[in-house]
Amino acid sequence: MKETLALIAPSGVGETTPAFAPFKDAAEAAQLFSTYSVNANESISAIGRNFALMEILDRLVNARAKEDAESVGTPAVARDMLSIVNAFGQDKLQYWGVS
């Protein structure tokens, strides 16, 4: 009879990897925000320009989130945990999680 491997995995404690970031690096973030106006009264077009930048940021975040969706979240963690169990030659996983 095989033993069951029990795993304890913290979830939701800020240690999830890979960390989600909408920008590939600081230069990409700087490029987007370089034209962002902190003062909405700076010019007649400042509000419109900022709105357009936030629309671009929204699309970027959604696109990057879709790219990362397969590697983060509950299903990915469950697959990882099961692969650890299988690596130890076990067939079953016992998991107790609290959220």
So E55 ticks every box in (1) touching a residue at least 24 places away in the same chain (Cβ under 8 Å); (2) part of a helix (DSSP H, G or I); (3) loosely packed, with under 11 Cβ neighbours inside 10 Å but one. Which box is left unticked?
(1)
For region 31-52, how many residues are within 21 Å of R64 (Cβ to Cβ), of a type in the set (A, V, I, L, M, F, W, C) and modelled with pLDDT under 90?
2
Count, please, the residues in region 15-66 that happen to be more than 30 Å from V77 (Cβ to Cβ) and of a type in the set (G, A, S).
10
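The values are calculated or read from the model by the stated rules, or taken from the named source; none is laboratory data. Model, not experiment: these values are computed from the prediction. Cβ: placed from backbone, ideal geometry, glycine included. Neighbour counts: every protein chain shown.
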